[in-house]
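Structure first, commentary second.
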Amino acid sequence: MSKERFHLSIHKIDYEGHRLFTPEILIFSTPTEADQYAAAFVMEQIDRKPNSVLTLPTGPTPQKMYEMLVQIHKKQALDMSHISVFNLDEYWPIRRDHPSSYTRYMQDRFISHINIHPSNWHIPDGEASDPYEEAIRYEKRMKQSPPVDLAVVGIGPGTTCHIGFNEKGSPLDSRVRYVSLDEETLRTNRTFFDKPEEIPHGAITQGVATILDARKIILIAKGKRKAWGVHRAFTGPIGPAAPASFLRLHQQVTVVLDQDAGKLLSV
Ligand code: PGA
């Protein structure tokens, strides 16, 4: 496995009184190596602490990571019976069994293949009648749980720079809430729907502050369509104009990239 460590040396000044930290940025030669690293990272967390609380993402990026974790679970019997999972987000409104819902994604790719206790998997309910009340319920559920040990997140494509569905304008203190999706997010994500017109225009997402509450965070990004966002988030000014930039206020962030996603950092 070959990887290079990228050291950031700029923007070390405080953001509105919050201390800034330097994330560990790892650039792997291939997307598969990045996936393997991410899967091993999650596995080590569960090995070290079997009752880990995890925040997990959806979308194309973590797909291979889930495949690898399922394989590890089956081969080496990585016991996941004590973990708890809080998903980052879910569209609203959407049927839970819609082929493009995040509930379905998680069931099909991960949850139904491992031995997590069903009552320990949480995801916002896309079928809730009131998304604002559902956000309050989800936030409460997270607060009742022990703190998240590890949050696995992606970054939005193009210039969205979102984490979860915290679109541009999301403040540092945002918690679980209903949000309207950005035009650019809608343009990209509608391609994941068989009938693009079925994409919901809203979502329930963990907020920036919710994500930063996790003890550790790993961000995975692969491919050219993430290069701008990664560069903006980790070298540009911190603030709601690029919500992923708030990750630099967290002490333990690992950024796992392939060459394409990291290409603007290396030049
Ligand atoms: P992706 O998305 O995994 O679909 O690339 C990540 C995101 O939009 O946050």
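For segment 215-235: of the residues being open to solvent by 10 Å² or more (accessible area, probe 1.4 Å) and outside any helix (DSSP H, G or I), which is nearest to I155 (Cα to Cα)? Selected residue: K222.
Out of everything in segment 153-192 that is in contact with an Asp or Glu (Cβ under 7 Å, 6 or more places away or on another chain) and of a type in the set (G, A, S), what residue ends up being nearest to P243 (Cα to Cα)? Only one residue fits best here, namely G164. Can T205 be described as within 14 Å of the chain's Cα centre (by Cα), buried (at least 19 other Cβ atoms within 10 Å of the Cβ) and modelled with pLDDT of 95 or more? Judged against the criteria, T205 is a match. Note on segment 1-119: enclosed strands (runs of 3 or more DSSP E) holding 2 or more residues that are without any contact (Cβ under 8 Å) to a residue 60 or more places away in the chain and either buried (at least 18 other Cβ atoms within 10 Å of the Cβ) or within 16 Å of the ligand (Cβ to nearest atom) (or both) are 84-87. Taken over segment 236-267, residues that are assigned to a strand (DSSP E or B), within 13 Å of the ligand (Cβ to nearest atom) and open to solvent by 10 Å² or more (accessible area, probe 1.4 Å) amount to 0. In segment 207-230, the residues that are closer than 15 Å to G164 by Cβ and away from the ligand (no atom under 14 Å from the Cβ) form Cβ pairs under 9 Å with partners that are modelled with pLDDT of 95 or more and among the aromatic types (F, W, Y), at six or more places apart or across chains, as follows: A209/F246; T210/F86; L212/F246. Within segment 186-214, the set of residues being outside any helix (DSSP H, G or I) and among the β-branched types (V, I, T) comprises I199, I204, T205. A single member of Y138, Y178 is open to solvent by less than 10 Å² (accessible area, probe 1.4 Å) and aromatic (F, W, Y), and it is Y138. Taking residues in segment 186-202 that are over 18 Å from G164 (Cα atoms), and partners anywhere that are within 15 Å of the ligand (Cβ to nearest atom), the pairs with Cβ atoms closer than 6 Å and at least 6 places apart or on different chains are F193/S100; F193/I199; P196/R190. Filtering segment 142-185 to residues that are part of a loop (DSSP other than H, G, I, E, B), of a type in the set (S, T, Y) and either within 16 Å of the ligand (Cβ to nearest atom) or closer than 15 Å to H201 by Cα (or both) leaves T159, T160, S170, S174.
The values are calculated or read from the model by the stated rules, or taken from the named source; none is laboratory data. Here the structure is a predicted model, which is why all the values come from computation and not from measurement. Don't worry about glycine lacking a Cβ; one is built from the backbone with ideal geometry, like all the others, and counts go over all protein chains shown. These accessible areas exclude ligands, DNA and RNA; they are computed on the full protein's heavy atoms, side chains included. Shrake-Rupley method; radii C 1.70, N 1.55, O 1.52, S 1.80 Å.
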